[in-house]
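In what follows, a structure is listed as structure tokens, so that the remarks can point back to it.
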Amino acid sequence: MLFSVVSVRAQENYIAPVRPGNEPVAPGKFESSWQSLQQYEVPEWFRNAKFGIWAHWGPQCQPGQGDWYARSMYNEGSRQYKWHVKNYGHPSTFGFKDVVNSWKAEKWDPEKLVALYKRAGAQYFFAMANHHDNVDMWNSKYQQWNTVNVGPHKDILAGWAKAAKKNKLPFGLSVHAAHAWSWYEVAQRSDTSGELKGLPYDGRLTKADGKGTWWEGLDPQELYAQNHPLSRNSENINAIHGQWNWGNGVTPPSQEYCEKFYNRTVDMINQFHPDLLYFDDTGLPLYQVSDAGLKIAAHFYNSNMALHNGKLQAVLFGKILSEEQKKCMVWDVERGAPDKIQNIPWQTCSCIGDWHYNTSVYENNRYKSARDVIHMLVDVTSKNGNLLLNIPVKGDGSIDEKEIAVLEGIAAWMDINKESIFGTRPWKIFGEGPAADKANPINAQGFNEGRIKFSSKDIRFNQKGKILYITLLGAPDEKILIKNMGLQNNADTILKIELLGSKEKVIWNRTEEGLEINKPVIIPNAIALVYKVYQK
């Protein structure tokens, strides 16, 4: 998606403010304004954690056809539309509501999965609370289309929360539902050709239409939210990208829609008290048209402080933030990273495959490797960032053996080298080598991941007090030269150098040109080598 930074609007310009009588904002230090939110400080526990794992899992994983299924299945002629018609039927009779009904999560074992994620080094765990498909993954007070009422008939978030607590991991929730209003407009369409030309899809069905069906008593409009005119250029499947900030011809969301989103999210916070909260929005959700997002942020911070004796331990994420907004919350970069150290802590969110489970990624061996993940993690932490990594979960609630192998590969490297990641801070520069010398600008939310390939000649730095960690992104094939550790560049005296995971004596020499280290005889783990430099 290509979005742009949007300037902060004055509250009096909101077309759909949250009215009194809705869920209350917890009292406290923070008010629902950007100025008040700038009091935020990133907690040290998050800066130390560096690595989280995410279960970006919901009903769109059931078909196993990848991202944005609940939208693309209504896009006539698309790959997912054709697959849907072949496997489920026409979207006039079998819409996404029916996909939700088919989702049972019969193999889901949250405690087993979260334990595996912790074994791989995760220091916090994220679950998806809802996606653009608008299904709440908990016993939601304000959304009848939730996983207790439909689909698995389980409180998914309660299961994840229990597993995170058992494994003593901070618990994060991601919220994506603010855009269902425009995202589902495709469900108002009909085929433009063929035998069923003109037969409407199920996006305009009402509660009354459900008599005698499995969904009798449920209102499809509570799911699809399509009681409104189509946005400008809605017939163009890509138009939504230019309208993500609630402008450029999008049909404005109603006050009732904004208030429902607000109440759902506050209810979720009150039920689960997450340590981390992620919004898949530019800035805060709906903030261009409503104060709902600002009120949610204030409530999240204030309610968290009340749980921690007045100390704020919460972490809130948003995308494409202005410099002003980066003071209010943590900047999240999707599938990418800035190409220099950031003064304020940030996070990248990425995935080893598609965000939603995709069988073709599995079948065609297109997962990121453990090597890819570790190189990303080392690069990100050298720039003052954290990595949140999604491991796609199948509709049945399990992960496949190739994903398990990736996690085991990450765990093997972490067993040796985790001290060079957790609790570290950036050095004076993030790194050196071929990749460090290349510009790699971010595009909108991020999306610059994988453009530059790493090699053993690429070096990254982290520090912890007087200890400097030097990481080579691969096994060297010759003597190592670290130019930024030369006598002319660094006044600190080197006392000792160790290779993590090895008892072999490190042979080194420091000159004006740099720090020379002899190639080791034994490589502890070829993904990346970490030298621990003790300095005076």
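Close amide H contacts of Thr251 (hydrogens built in the peptide plane, cut-off under 5 Å, sequence separation of 5 or more or a different chain): Ser231, Arg232.
In terms of accessible area, using a 1.4 Å probe and ignoring ligands and nucleic acids, Val100, Val25 rank largest first as Val25, Val100. Each Lys and Arg contributes +1 and each Asp and Glu -1, all at the Cβ; summed about the Cα centre of segment 427-536, the dipole is approximately 320 debye.
In the assembled protein chains, Ser369 presents an accessible area of approximately 40 Å² (probe radius 1.4 Å). Projected label points at Asn227 and Ile467, each 7 Å from Cα along the beta carbon direction, are separated by 6.1 nanometres. 3J(HN,Hα) along segment 325-338: 5, 5, 7, 9, 6, 9, 6, 9, 10, 8, 6, x, 7, x Hz, from the Karplus curve 6.51 cos²θ - 1.76 cosθ + 1.60 with θ = phi - 60°, whole Hz, x for Gly and Pro. Simple rule: put +1 on each Lys or Arg Cβ and -1 on each Asp or Glu Cβ in segment 391-468, find the dipole, and look at Gly395, Gly431, Gly409; the Cα lying farthest toward the positive end is Gly431. Glu23 contributes about 30 Å² of solvent-accessible surface, heavy atoms of the protein only, 1.4 Å probe. With the convex hull drawn over the C-alpha atoms of segment 253-362, the volume per residue is 147 Å³.
The alpha carbon centroids of segment 252-290 and segment 450-504 are separated by 44 Å.
About its Cα centre, the dipole of segment 58-146 is roughly 180 debye, where the only charges are +1 on Lys and Arg Cβ and -1 on Asp and Glu Cβ. Under a no-solvent Debye model with one identical scatterer per Cα of the chain, what's log10 I(q)/I(0) at q = 0.07 Å⁻¹? Values returned for q = 0.07 Å⁻¹ are -0.42.
In this Cβ point-charge picture (+1 for Lys and Arg, -1 for Asp and Glu), the chain has a dipole of about 1380 debye about its Cα centre.
These residues, Tyr469, Tyr88, go from largest to smallest accessible area, 1.4 Å probe, as Tyr88, Tyr469. With respect to the chain, whose longest principal axis is taken over its alpha-carbon atoms, helix 292-307 is tilted by about 60°.
Distance from the Cα centroid of segment 319-386 to that of segment 56-79 is 23 Å (rounded to whole angstrom). Placing unit charges on each Cβ (+1 for Lys and Arg, -1 for Asp and Glu) gives segment 189-278 a dipole about its Cα centre, and among Asn263, Ile240, Gly212 the Cα reaching farthest toward its positive end belongs to Ile240.
Karplus-derived 3J(HN,Hα) values for segment 472-482, using 6.51 cos²θ - 1.76 cosθ + 1.60 with θ = phi - 60°, are 9, 7, x, 7, x, 10, 7, 4, 8, 10, 10 Hz; glycine and proline are entered as x. Here r is the Cβ-Cβ distance between Lys162 and Lys536 and R0 is 51 Å; the resulting FRET efficiency, rounded to 0.05, is 0.60. In the context of the full protein assembly, Glu41 retains an accessible surface of approximately 140 Å², using a probe radius of 1.4 Å and ignoring ligands and nucleic acids. Dividing the Cα radius of gyration of segment 343-390 by its Kirkwood radius returns 1.07 for Rg/Rh. Mean residue ellipticity, 222 nm, helices only, the chain: the sum of -39500 (n - 2.57) across DSSP H runs of n ≥ 4, divided by residue count and rounded to 500, is -7000 deg cm²/dmol. Within segment 222-243, name every residue whose backbone N is under 20 Å away from a label modeled 7 Å from Cα of Asn13 along the Cβ vector. Residues 242-243 fall inside that zone. When the solvent-accessible area of the chain is split by element, carbon and sulfur atoms take up 50 percent of it, the probe being 1.4 Å.
Modelled spin-label separation between Glu401 and Arg366, with each label point placed 7 Å from Cα along the Cα-to-Cβ direction: 2.2 nm. Note on Lys496 and Asp219: their simple-model spin labels are 7.0 nm apart, each label 7 Å out from Cα toward Cβ. FRET efficiency for the pair Glu504 and Glu408, taken as 1/(1 + (r/R0)^6) with r the Cβ-Cβ distance and R0 = 25 Å, rounds to 0.50. Length available on full extension from Ile341 to Glu323: 0.36 nm per residue minus the Cα-Cα distance, which gives 5.0 nm. Residue-wise HN-Hα couplings along segment 253-268, as the Karplus relation 6.51 cos²θ - 1.76 cosθ + 1.60 with θ = phi - 60° gives them from phi, are x, 6, 4, 5, 4, 5, 5, 5, 4, 4, 5, 4, 6, 5, 4, 4 Hz; Gly and Pro carry x. Looking at segment 44-126, the GluC sites (Glu not before Pro) that sit in a DSSP loop and have at most 11 other Cβ atoms within 10 Å of their own Cβ are Glu106. Classify segment 437-536 as rounded, prolate or oblate, taking a ≥ b ≥ c as the square roots of the eigenvalues of its Cα gyration tensor: rounded when a/c is under 1.5, otherwise prolate if a/b is larger than b/c and oblate if not. In terms of gyration-tensor shape, prolate. According to the Cα-based calculation, Rg over Rh for segment 160-306 is 1.04, with Rh computed by the Kirkwood formula.
Using 0.36 nm per residue and subtracting the Cα-Cα separation, the extra length available between Glu44 and Thr93 on full extension is 12.5 nm. Each of Thr471, Phe317, His131 was placed along the dipole of the chain (beta-carbon charges, centred on the mean Cα), and the one lying farthest toward the positive end is Thr471.
The values are calculated or read from the model by the stated rules, or taken from the named source; none is laboratory data. Values in this document were obtained by computation on a predicted structure and should not be read as measured data. All Cβ positions, even for glycine, are placed from backbone atoms using ideal geometry, and neighbour counts span all protein chains on display. Accessible surface areas use protein heavy atoms only, side chains included; no ligands, DNA or RNA. Shrake-Rupley method; radii C 1.70, N 1.55, O 1.52, S 1.80 Å.
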